[in-house]
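Here the structure is laid out as structure tokens; the discussion comes afterwards.
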């Protein structure tokens with residue numbers, strides 16, 4: 001449960017900490033963080049949890065599996081918005097519109113990968129000492 005709460009915003013928390021260290025811990029409001037929180041939880045609910053369910057059912061729970069799944073869920077949400085805007089909306093030049101938003105999809109994929117890795121660390125990672133012994 002804690003992983004579902006913390007993982008979607010973990011990359012943004014790390015980015016804010018890096019910014020705070022660079023600026024000397026002077027608080028500076030960042031409005032992109034508000035958008036990122038809504039985007040992160042929305043993506044987690046509609047893409048991340050179903051992908052996690054598929055991973056758990058198929059016993060796919062290594063750190064790199066969830067990192068790739070997070071990257072896919074992070075990239076699929078902006079790509080879906082782009083497809084909706086170009087097909088339903090009144091976009092004059094859909095190819096240029098999609099190319100303008102492509103960097104956002106790449107950024108969302110990186111942040112999704114960070115969220116997937118954070119989810120694995122918080123929710124699934126168990127150190128060697130806490131794993132049950134193999135009784136063969």
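Over all projection directions, the Cα-based convex hull of the stretch 1-103 averages an area of 8.9 nm². Angle of helix 31-43 to the longest C-alpha principal axis of the chain, folded into 0 to 90 degrees and rounded to 10: 60°.
Suppose R0 equals 41 Å; then what is the FRET efficiency for residue 98 and residue 19 from their Cβ-Cβ distance, rounded to the nearest 0.05? Once the sixth-power term is evaluated, E becomes 0.85. With a Förster radius of 22 Å applied to the C-beta separation of residue 37 and residue 107, the computed FRET efficiency comes to 0.90.
Adding -39500 (n - 2.57) for every DSSP H run of four residues or longer, then dividing by how many residues the chain holds, sets the calculated 222 nm ellipticity at -22000 deg cm²/dmol. Taking 7 Å steps out from each Cα toward its Cβ at residue 61 and residue 46 produces label points 2.8 nm apart. Ordering 16, 100 from the fewest to the most neighbouring beta carbons within 10 Å gives 100, 16.
The numbers here are math on the coordinates, done by the rules we state, and not lab data. Bear in mind the structure is a predicted one, so any value in this text is a computation, not a measurement. Note that we place each Cβ from the backbone using ideal geometry, even for glycine, and neighbour counts take in every protein chain shown.
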